[in-house]
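Comments concern the structure below.
The values are calculated or read from the model by the stated rules, or taken from the named source; none is laboratory data. Nothing here was measured: the structure is a model prediction, and the numbers come from that model. Note that we place each Cβ from the backbone using ideal geometry, even for glycine, and neighbour counts take in every protein chain shown.
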There are 2 protein chains.
Amino acid sequence: MDQEVGGSNPPNCTKIQIMSENKKLNPELPSGFKDRINEELLLRDEIISLIKNNFILNGFDQLETSSFEYSDVIGKFLPDQDRPQSGVFSIKDENDWISLRYDLTAPLARYVAKNYDLLPRPFKRFQVGQVWRNEKPGPGRFREFIQFDIDIVGDSNVQYDADLCLVISDTLNKIGLKNQDFKIRINNRKLLQGLLEDLKILDYKQIQSTLRAIDKLDRVGIKGVELLLGNGRKDKSGDFTKGAELKKNQIDKIISFLDFKDFNKITPLNEIFSEGIKELIIIKNYFELFNFKNFVFDPTVIRGLDYYTGPIFEANLSFKVKNEKDVEIEFGSIGGGGRYDKLVNRFKNLNAPATGFSIGVDRLIYALLQYDDLKIKNIIGPIVICNLDEAYLGYYRQILSKLRDANICSEIYLGKNSLKNQLKYADKRKSPYVIICGEDEVKNNEVTIKNLKDTDKVSDAINREDWKSSSKQKKCSIENFLKEIKI
Amino acid sequence: MDQEVGGSNPPNCTKIQIMSENKKLNPELPSGFKDRINEELLLRDEIISLIKNNFILNGFDQLETSSFEYSDVIGKFLPDQDRPQSGVFSIKDENDWISLRYDLTAPLARYVAKNYDLLPRPFKRFQVGQVWRNEKPGPGRFREFIQFDIDIVGDSNVQYDADLCLVISDTLNKIGLKNQDFKIRINNRKLLQGLLEDLKILDYKQIQSTLRAIDKLDRVGIKGVELLLGNGRKDKSGDFTKGAELKKNQIDKIISFLDFKDFNKITPLNEIFSEGIKELIIIKNYFELFNFKNFVFDPTVIRGLDYYTGPIFEANLSFKVKNEKDVEIEFGSIGGGGRYDKLVNRFKNLNAPATGFSIGVDRLIYALLQYDDLKIKNIIGPIVICNLDEAYLGYYRQILSKLRDANICSEIYLGKNSLKNQLKYADKRKSPYVIICGEDEVKNNEVTIKNLKDTDKVSDAINREDWKSSSKQKKCSIENFLKEIKI
């Protein structure tokens, strides 16, 4: 078996004798990755569950593809080209290259091609899972994040595109957002295609840099886009980004296109452009039929990925969000998508036009954690039953059983530690109560309950004697102590 | 930026012009990976949620570390050495090697070392997530799977080990297993360590092959273990596995140790062995105090990973499970764990002894799908509102709103397709009902409901006329049709 992987091997880890005192390791994560804890994960679990339930209600099935795919199967549709391997994590596996998925759409296309005859058409599925991008990490930019995708494969009717927007909007309502908190922005790649054809911008690379320039409008403003469509732009740090090198009249026409507010008022430039307008009208009519108003036509919506062929959409939040430096920012999109009619055809000549929407779960959760109207559950730690003497463990067990049977998060402290240290522990766990039973309590079948809920740090202020006199402490019988517990 | 990654680059994917007709790709997954759908995912979501809730009830916090870690941070503790990179997926990242985690324990140790001062002690956390093993794939052996880990870091009291076993047992009860369906098997690495020291087996590699030999008992039987402890063993396919090359008296003593049923009856061989026995007694006493009987001492429990230092445990299912060839098998363990007191010390000299248990979620789900007493929810597809004419879309919308408001999974078929094809679609979706409204129904404010629940394939048997006369079809007013829907 080939022991050579790539040009050099991973660091030579001969068997690590863990008992021995080796050189100490640095407990850091590679850049672009992070650990997540409690509140964020609780909220995420809840949001994911609400989204799943609503997607099922809307007639979608669940799918999970694996994290690795053959590299050529997922292809290269990422806009970011400034990293080795074009933004993908790839590994040589025997004689083939395999890659971690960079989105959930390319694997879906592979799945549909593989199972085409077995699947209903349209195939309506959702999938939630991590994706990986081997990009240059930056502030708030991660190399691993969770996407929640919903797609409809096998029908070219753009009413399905419209329906997806309704599902997304309804889902955002169901997780607690009001209509004024977000808006669905709609565009059509066919308008852009028609415009570029009309301007004789036909070179693939020039098309790419033109789209990329427009896509940066949020960050660089309309003047910045103008520069990026022309010779290029120098940013604040002095870094220069090469432009698309379009001519003045080309740039002017693109800039004026980006300013359109009503697609009905644009004069169609050619056939593909007309087709784009027609599709937008069908979508608008569908919205009207369903009394859906929370959308806007926006010619500046581009969507980075390379595979879109028709209507494209984005969901933008409108409430205020602060970045990690506590500065209010234009938060922008929490997801988007569009029609990609040719992706499955990379595998077989099948009739599998498709449309989809992808929610950026981590971004959504980041914003929701700052959303005032959402009741974020505070983490409440376990009730800690302090351990004054090993001999009372049986007594503590009785108390624990009563708490757990009442579905109250609780535990016995099992370490050999002073009461003070046990209270420090309860502080750190944000325990609502501690239960203290020594000789007296056990003898009298009693329980001493200390309420910590409005106390910042009990362990510092209080010693064993203070406990007994404190007002926030109560002694009651083991039969009735549950009544004193209010979570 | 270094464009060379490893010795050769991923397949040269120049920009794929997706519109063009390239050579078609093969829509397959790399070996060792798989797609999962509906029933399995629904059950998994439910089981994961039950486990989470019970771990929280027992006083554990949730953590999520990233999928990538620095390669030296997670180290090399895997038993399987027959693959390049010793079983780990690794990638060169700028100047460092990073790897996909192969378990959730090594990342936990890194997390604890990094955040030691902020964490309560003991730190009680759970984490659920994928892990990756770059192993030789085989039948039922995957290179990506989900583990659900629960750990207690920061206390050396083995009562915490005992408590973990109680939590696991209670959790298996809560997901629906009865006590006779599983058993917790207990052993202690200190017994093995004491035994090997007593037998003067001190060479690291020989210790490893000895433990590996014992670990294979399930698969090769006691005779097989004897051979693997000696010169080696040839399997049915003729493949030869080299043995640990122990002497006859060493092998005999190990084999007789493996036969012990009661640790109280073993004469301690040395200090470390005695310590192991003492710990098992503490665990047994704790179990008795909590009236927990569903365990057994089993000296053949080894646990593959290299980092265990004390008590080790495994949860085994006892009900019958069939493999993919429909043959009943000894299903074996659905998880295990043990004490690993030195893992955090690889980073810093901290007081962080630890114990943990890991549930193999995919294996558990595989078995549960065959467990008779568990009510597996059948996937029920959406109610499909057939689309007889675009003009009636507003009418269909009214029906849809009523269904969705009643929380009934439903959709309008939006494709331009014959009724027969729409019914074929409903068949494939396992829809419980279809709703058919044409000119008559719309005019009279009525709804025609066809019950598909006990019908195998409606679309084949029925044409438009048959529908009208069928007994499983009902016409009712749009105000009252919900009453006829029984999911």
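When you go through (1) in contact (Cβ under 8 Å) with a residue 24 or more places away in the chain; (2) buried (at least 16 other Cβ atoms within 10 Å of the Cβ) one by one for A:Asn345, which number turns out not to apply?
(1)
Among residues belonging to the stretch B:327-371 that are part of a loop (DSSP other than H, G, I, E, B) and of a type in the set (D, E, K, R), point out the one that is farthest from B:Glu314 (Cα to Cα).
That would be B:Lys348.
Which residues, counting only those in the stretch A:382-400, are assigned to a loop (DSSP other than H, G, I, E, B) and at the interface with chain B (Cβ under 10 Å from one of its Cβ atoms)?
Going residue by residue through the stretch A:382-400, those that are assigned to a loop (DSSP other than H, G, I, E, B) are A:382, A:386-389.
Passing the criteria: A:Pro382, A:Asn387.
Restricting to the stretch A:403-416, what's the tally of residues that are crowded, with 17+ Cβ neighbours inside 10 Å and at pLDDT 95 or above?
The initial filter retains those residues of the stretch A:403-416 that are crowded, with 17+ Cβ neighbours inside 10 Å, namely A:403-404, A:408-415.
Remaining after also requiring at pLDDT 95 or above: A:403-404, A:408-414.
Going through the stretch A:403-416 one residue at a time, the tally reaches 9.
Looking only at helices (runs of 4 or more DSSP H) that fall completely inside the stretch B:32-151, which ones have 1 or more residues that are of a type in the set (Lys, Arg)?
Hits in the stretch B:32-151: B:38-57, B:105-115.
Can you pull out the residues in the stretch B:247-286 that are touching a helix residue (DSSP H, G or I) at 6+ places or on another chain (Cβ under 6 Å) and not in a helix (DSSP H, G or I)?
B:Pro268, B:Leu269, B:Asn270
Rundown of residues vs (1) touching a Ser or Thr at 6+ places or on another chain (Cβ under 6 Å); (2) assigned by TED's automatic domain parsing to the domain that holds A:Leu104, yes/no style:
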position: A:Gln147; (1), (2): yes, yes
position: A:Ile152; (1), (2): yes, yes
position: A:Ser156; (1), (2): no, yes
position: A:Asn179; (1), (2): no, yes
position: A:Gly194; (1), (2): no, yes
position: A:Lys216; (1), (2): no, no
position: A:Val220; (1), (2): no, no
position: A:Lys223; (1), (2): no, no
position: A:Asn231; (1), (2): no, no
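Just name the residue that is farthest from B:Arg339 (Cα to Cα) out of those in the stretch B:287-310 that are in a loop (DSSP other than H, G, I, E, B) and β-branched (Val, Ile, Thr).
Here the answer is B:Thr300.
Tell me, yes or no, whether the stretch A:144-154 has at least one residue that is surrounded by 19 or more Cβ atoms within 10 Å (Cβ to Cβ) and among the small types (Gly, Ala, Ser).
Yes, some residue in the stretch A:144-154 is surrounded by 19 or more Cβ atoms within 10 Å (Cβ to Cβ) and among the small types (Gly, Ala, Ser).
If I filter the stretch B:401-439 down to residues being within 16 Å of B:Asn378 (Cβ to Cβ) and touching a helix residue (DSSP H, G or I) at 6+ places or on another chain (Cβ under 6 Å), which single residue comes out as farthest from the other protein chains (Cβ to nearest Cβ)?
Result: B:Asp427.
Can you name the condition, by its number, that B:Leu166 falls short on among (1) surrounded by 21 or more Cβ atoms within 10 Å (Cβ to Cβ); (2) within 14 Å of chain A (Cβ to nearest Cβ); (3) of a type in the set (A, V, I, L, M); (4) under 30 Å from B:Phe260 (Cα atoms)?
All conditions are met except number (1).
Out of the residues in the stretch B:50-67 that are more than 7 Å from chain A (Cβ to nearest Cβ) and crowded, with 22+ Cβ neighbours inside 10 Å, which is nearest to B:Asn115 (Cα to Cα)?
Looking at the filtered set, the residue picked out is B:Phe60.
Would you call A:Ser256 in the same structural domain as A:Ile312 (by TED's automatic domain parsing) and over 17 Å from A:Gly221 (Cα atoms)?
No: the conditions fail for A:Ser256.
For the stretch A:191-247, name all the residues that are surrounded by 15 or more Cβ atoms within 10 Å (Cβ to Cβ) and among the β-branched types (Val, Ile, Thr).
Matches in the stretch A:191-247: A:Ile201, A:Ile207, A:Thr210, A:Ile214, A:Val220, A:Val225, A:Thr241.
So, restricting to strands (runs of 3 or more DSSP E) that lie completely within the stretch B:432-487, which ones have at least 2 residues that are at pLDDT below 85, within 20 Å of B:Cys409 (Cα to Cα) and small (Gly, Ala, Ser)?
Strands (runs of 3 or more DSSP E) meeting the threshold: none at all.
How about the stretch B:248-272: which of its residues are among the acidic types (Asp, Glu) and either exposed (fewer than 11 other Cβ atoms within 10 Å of the Cβ) or touching a His at 6+ places or on another chain (Cβ under 8 Å) (or both)? Don't jump to the end; show me each part of the working.
Step one: list which residues in the stretch B:248-272 are among the acidic types (Asp, Glu), which gives B:252, B:259, B:262, B:271.
Of everything in the stretch B:248-272, those that are among the acidic types (Asp, Glu) and either exposed (fewer than 11 other Cβ atoms within 10 Å of the Cβ) or touching a His at 6+ places or on another chain (Cβ under 8 Å) (or both) turn out to be B:Asp259, B:Asp262.
Only residues that are surrounded by fewer than 21 Cβ atoms within 10 Å (Cβ to Cβ) and of a type outside the set (D, E, K, R): list them for the stretch B:311-336, please.
Residues satisfying the conditions are B:Asn316, B:Ser318, B:Phe319, B:Val321, B:Asn323, B:Val327, B:Ile329, B:Phe331, B:Gly332, B:Ser333.
What's the number of the condition A:Lys236 fails, among (1) within 28 Å of A:Ile329 (Cα to Cα); (2) out of contact with any Asp or Glu (no Cβ under 9 Å at 6 or more places or on another chain); (3) not in a loop (DSSP other than H, G, I, E, B)?
Result: A:Lys236 fails condition (3) only.
Which pairs turn up if I take residues in the stretch B:106-119 that are more than 9 Å from chain A (Cβ to nearest Cβ) and look for partners that are part of a helix (DSSP H, G or I) and aliphatic (A, V, I, L, M) with beta carbon separation below 7 Å, at least 6 apart in sequence or on another chain?
Note: pairs meeting the criteria are B:Ala106/B:Ile74.
Residues in the stretch A:33-49 that are at the interface with another protein chain (Cβ under 7 Å from one of its Cβ atoms) and of a type in the set (Lys, Arg): how many?
Counting residues in the stretch A:33-49 that are at the interface with another protein chain (Cβ under 7 Å from one of its Cβ atoms) and of a type in the set (Lys, Arg) gives 2.
Based on what the data block shows, is B:Gln62 modelled with pLDDT under 95 and more than 17 Å from the chain's Cα centre (by Cα)?
no
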